[in-house]
Each structure stands twice: as structure tokens, then as C-alpha cells.
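First comes the structure, then the notes that go with it.
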Amino acid sequence: MLCTWKCAGVCSLSRARHNTPAQRFGVGDPRRIAAGLVLAAVLLHSAAVATAETLDVAPGAGTLQAAIDRATAGDVLRLMPGKYLGQITISRPLTLDGRGKATVIGTGEGSAITVKAPNVTLRGLTVTGSGLLLETQDSGIFLSKEATGVKVINNRVIDNLIGIYIWGAHDAVVASNTVVGRRDLRMSERGNGIQVWNAPGARVEGNDIRYGRDGIFVTTSKENVFKNNRLRDLRFGVHYMYTNESRVEGNVSERNHLGYAIMFSKAIEVRNNRSKNDRDRGILFNYANNVTVQDNVVTGGPEKCIFIYNSNKNVITRNYLSECAIGVHFTAGSERNVIFQNAFVANRTQVKYVGTRWLDWSSKGQGNYWSDHTAFDLNRDGIADRAYKPNDLTDQILWRHPAAKLLVNSPAVQILKWAQSAFPALHPGGVIDSAPLMMVPDPIKQQLESGS
């Protein structure tokens, strides 16, 4: 069969395809090359695992760093009970296992342990003695950009400036650690318990953090998970800055100035957290957009259960907000937020909103439960027959002119209240719940009963 000029190149290619020995045996096939590379990687990994050893390290000055320098990739350094001189650096993948009885003590300068290699595991250690300079990021445990996939598990990180710093280390896991900050420093001088910078995929789970500046502070990052941590006696329990597409779930904030601060961030999920006896705010949103706030509990008398400042397109639902001076303070032009199926219980002021627009806090026929809303439900559909308006004209005047509180019981104010009730058009705008619930929603009840 003769080839036309259009197919001549293809035909000649077909005839020449297996001209060399390598091509005849398929070496040039990209699929075979890829398979070969995978097989080679597996064999190399298996060889490394086969040669990895478990090495015992005795305590003393310089013994730990010397053992690290002699170790090969994959080795497990099993630390005998005792004290080890810190300011050590780990530059190859290995495991330090303190078994709960080994203490690494820094020199009082820099970081006690610095990790500069991937796939390192630190477990069962007590780490203390970092330096006190925030500008040099002095930490108990410092994970550098090279420390991808590092695991810091079940350690005690005590009396350092910054407890654990994930500095650009992707996919790091910091779990089940006890982190206690310096109590001899003023709060503004302390470092954070766990600090995260530009570390996509980092997971911070099950840690007990106390006495730092912020419990978990994250900035300029994404795709992080902070889950099931206990955060006590701090400035902020969790503090987000310029961080996106992340999750805050199942944490407990106790006795902090503020529980959860989401600032200059977007696409964050804040679910199933608790704020107990925090001082100023339970949850704060400042320039936070597209945030989901669901199934959280704020109790114990903070100044504001939730503070929303210039934050847009957020969904706030199924939260229990109780015993605060103000349930929700809503201000600075926040728009397109959906707020429904929450329970506002026994707050001194349920909502503070100073504005002229009407904001309906309901969605698809479901509003919120308000403990101070006295209304009937004649058709027994679970929705009150009368809309709820948490604030009136008097509230607006008092917020704008606090000195007017001296006249709150005067005849003039009483006449103003009567006139507004008789002529609703006098109301200047504000929050209205057009479908208030008669009872606390079942998901919130179940959450409270389970104690989650």
C-alpha cells in the first residue's frame, strides 16, 4: 500500500518507531518510565526504612545534638530519662522520642529545638528555656519552611516565649501537647502558645494552651484546621489574620479576654466551639467575609456574645448566646449576613444595632429564639404570631447620647415610648425578626445536653 504525501510522515514514523533496541523493549514508553520511577522510589524508601535504627541517647551536655548529627534518615532517637542541653537543630528526617521522661532545656537564647527537615517527629518531650526576643521568634519548638509534614505530638512545652511556631511548614501536625507560657511576663510581652505563618495544611488539634498572649495565632495562611483545643487565661483564644479557607471546630475558650477573633479573613468555618466566662467578647468578626458560624455556645457573661464589625455575607445559625451584656453588637455597615435559628437567652440587651436600615434576621420562614419575647403561637407552628424588634427609638437615643441615661425614667422618655408603640412608623429602623421561634431549636438543645 502506498502512502500519500499527507500520511507519509506518519507511515515513516510507524516504521521507525522501534528501530533502536531501547525502543523495541519499551524503554522509551512514558508510562513505563513513570512506573519505573515509582518502583525506584519505593525501593529507595524501603532501603532507607530497612537501614533505619532505634538508638538510645543518654542525657548530658551536647549528647543530643551529637546523636542527631550522627543519625541517618529515618532513625529513632530514644532519649533516656534526664535533661538535655537545648538550642538543637534537626536537619534530617528522624524521630525524637522522649517517652515522657526527657527534658530539653534551651540556653535562654533563640529556640530550644529548631526543625529544618521534613517528616520529623517530636514526641514525649518536655521543652523549655527559649530566648525572650519576639523579633527573632524565640520558641520552644520552631518549625522552619523545610519542616513539611512534621509531627509534634504529646509534648510539654513550658515557659518559653512562643510555645510552638509553624513558620511556613506545610502540612505540619501539632497535636495533644500541653503548652504553658511565661507567667512572669506581662501579657503584651508574651509570645503566643501556637503560632502559624504561611503554613497551608497545618493541623492544630487536641492541645491544652495556657498563659500566653494568644492561644493560637495564625496569619497569612490557608487550609488550616484548629480542632478540639482547650484555651485558657489568654488574651485571645484563637486569633485569625489574613487567613482563608480554614476551620475552627470543637475548641473550648475559658477565661480569656476574647474567645475567637476572625479578622481580615474569609471562607472560615467556626463550628461547635464554646466560649465560657471570657471577659470581653465570645466571638468577634472584623472585616471577615463568607464565614459560617454554626453550633457555637457562648455563656458566662462576656460584654458581648458576638461582635460583628464591617463583615459581610456571613451565615450565623444554631448558636446559643446567653448571659452577656449584649447578645450581638452589629455595626459598621455589615451587609448580606444571614442570621437565623439562634437562641438569645437572658442577655441584658439582646441586640445592639445603630442604623436606619431594616435588617430581617430570619431565613426561609425561620427566625431566632428570644427569651424576652412574649408572644402567642395560635396556630402552633412554632413561629410567634408577632414579629420581634429588640430595640426601639429610646435605645437609639441612649446609644448615641449616653448622657441621656439620666432621663431614662423621666416623663419625656415614657411619652416617647408610648408614642412609638402607638405609631410604629416612628421607629427609625433596625433589626427585626419577622419569624421568631417560640422555643430553642432542637439542634441547640441537643448540643447543650451533650455538653459538646
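FYI, it's all coordinate maths here, none of it is from the lab. Values in this document were obtained by computation on a predicted structure and should not be read as measured data. FYI the Cβ positions are ideal-geometry reconstructions off the backbone, even for glycines, and counts take in every protein chain you see.
Observations
- The three principal axes of the Cα atoms in segment 79-194 give end-to-end lengths of 36, 32, 23 Å, sorted in falling order.
- Diffusion coefficient, µm² s⁻¹, Stokes-Einstein with Kirkwood Rh over alpha-carbon pairs of segment 208-279 at 37 °C and 0.692 mPa s: 281
- Net charge of neighbours whose Cβ lies under 15 Å from the Cβ of residue 249, counting Lys and Arg as +1 and Asp and Glu as -1: +2
- Sorted by Cβ neighbour density within 10 Å, fewest at the top, the residues 306, 158, 283: 158, 306, 283
- For segment 247-379, the Kirkwood hydrodynamic radius from C-alpha pairs, put into Stokes-Einstein at 20 °C and a viscosity of 1.002 mPa s, yields a diffusion coefficient of 146 µm² per second.
- Counting 0.36 nm for each residue step from residue 375 to residue 279 and taking away their Cα separation leaves a gain of 31.3 nm.
- Note on residue 220 and residue 450: the extension gain reaches 79.3 nm, defined as 0.36 nm multiplied by sequence separation minus the Cα-Cα distance.
- With the convex hull drawn around the C-alpha atoms of segment 51-358, the volume per residue stands at 110 Å³.
- Here r is the Cβ-Cβ distance between residue 134 and residue 183 and R0 is 25 Å; the resulting FRET efficiency, rounded to 0.05, is 0.90.
- Over all other residues within a Cβ to Cβ distance under 13 Å of residue 366, the charged ones net out to -2, with Lys and Arg as +1 and Asp and Glu as -1.
- Inter-probe distance in nm under a simple model that places probes 7 Å from Cα toward Cβ, at residue 80 and residue 336: 6.6
- Distance violations [Cα-Cα > 27 Å] among 101/151; 222/389; 304/445; 151/304; 101/222: 222/389; 151/304; 101/222
- Two-site FRET efficiency, residue 357 against residue 66, from Cβ-Cβ distance with R₀ of 45 Å, rounded to 0.05: 0.05
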